[in-house]
Amino acid sequence: MKYSYLMKSSVVLSIALSSVLSACSDPKKASEANFKKAIQAALDSDNEGKFCFTGVRFPETENPYNKDRNNILQVLEKEGLLSSSMVEQKGFFGGEAKQIKQYGLAEAGKKFVLDNQICVGKLEVIKVTNFTEPSDGLGQTVSQADYTYTIKDLPNWTKNPILLAAYPKSFGKLEKGEELEKKMNLILTNNGWQGHIRKGGF
């Protein structure tokens, strides 16, 4: 009798544990763990999970109307990643041609290049802080998650004051010891949740 009771208790416990484990491992469940995994996978698949200097591609010329970008280019040249030369630029509407500085990649900068951009570090999700209840969006089940992240293995030159000021939401916050924050849209697929990155940089 006692043996029968123990057997029944063991079966009930096994079923309960199986249900819990199944729920925890369900990739289609809307959970912080699943969303964190999906967001990290999306980051890893975009520019190898690196932070890229958006809007700076090569060859790149100085822009008299964009002082901030010019300052970034000058810093990258000073750090040995870029080299520069003077080139002639035709004047607008038949105006007089003028000499302007053009930047190209130096040998030391080539190791940081992906898709003609300078990319550094490694984006790593820390935690999912909030997400919307999954809902229907154009025939798909979608959700939006807020998450915090950091950028690991950054080269020392990213601490240049000009770059800290130019990228206050990334390099600037990291220098202050703060976590970075961002949102990502997620779509439910047959294999679980999938993150989608909005282009435009970090």
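Values in this text are rule-based calculations from the coordinates and carry no lab data. Because the structure is predicted, anything quoted here is derived from the model rather than measured. Cβ sites come from the backbone with ideal geometry, for glycine too, and all protein chains shown count toward neighbours.
Listing for the model above:
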| item | result |
| --- | --- |
| Rule-of-thumb Rg ratio for the range 115-162 [Cα; 2.2 N^0.38 Å; N residues] | 1.74 |
| Pairwise FRET efficiency - GLU175 versus ILE126, Cβ, R0 = 22 Å, nearest 0.05 | 0.85 |
| Using a Förster distance of 35 Å, the FRET efficiency for GLU32-LEU114 (Cβ separation, nearest 0.05) | 0.75 |
| Helical contribution to [θ] at 222 nm, DSSP H n ≥ 4, -39,500 (n - 2.57), averaged over the chain, rounded to 500 | -9000 deg cm²/dmol |
| Exposed GluC sites (Glu not before Pro) absent - longest run of the chain, DSSP non-H/G/I/E/B, at most 15 other C-beta within 10 Å | 1-95 |
| Ranking of TRP157, TRP193 by count of other Cβ atoms within 10 Å, fewest first | TRP157, TRP193 |
| Mean Cα-pair separation over length for the range 108-148, i.e. relative contact order, pairs under 8 Å, 6 or more apart, % | 33 percent |
| Fully extended contour minus Cα-Cα distance, from GLU88 to PHE58, at 0.36 nm per residue | 9.1 nm |
| Gyration tensor over alpha-carbon atoms, the range 35-105, equivalent ellipsoid semi-axes in Å | 34, 14, 10 |
| Förster radius 41 Å - calculated FRET efficiency between ASN66 and SER135 (Cβ-Cβ, nearest 0.05) | 0.55 |
| Cross-link pairs beyond the 23 Å C-alpha cut-off, checked among LYS78/LYS183; LYS101/LYS152; LYS110/LYS169; LYS50/LYS111 | LYS78/LYS183; LYS101/LYS152; LYS110/LYS169 |
| Set of aspartates and glutamates near LYS98 by C-alpha distance (under 19 Å), chain-local residues within fewer than 8 positions excluded | GLU60, GLU62, GLU88 |
| Highest to lowest packing among 159-167, 132-140, scored as the average C-beta count within 10 Å | 159-167, 132-140 |
| Least to most buried among PHE93, PHE112 (fewest other Cβ within 10 Å first) | PHE93, PHE112 |
| GNM top mover of GLY91, GLY104, GLY80 - the chain, alpha-carbon springs below 10 Å | GLY91 |
| Extension gain, SER45 back to GLN74 (0.36 nm per residue minus Cα-Cα distance, nm) | 7.4 nm |
| Top of TYR65, TYR149, TYR103 by mean-square fluctuation, Gaussian network on the chain, Cα under 10 Å | TYR65 |
| Normalised per residue, the volume of the convex hull around the Cα set of the chain (Å³) | 185 Å³ |
| Quarter of Cα convex hull surface for the range 85-139, i.e. mean projection, nm² | 9.9 nm² |
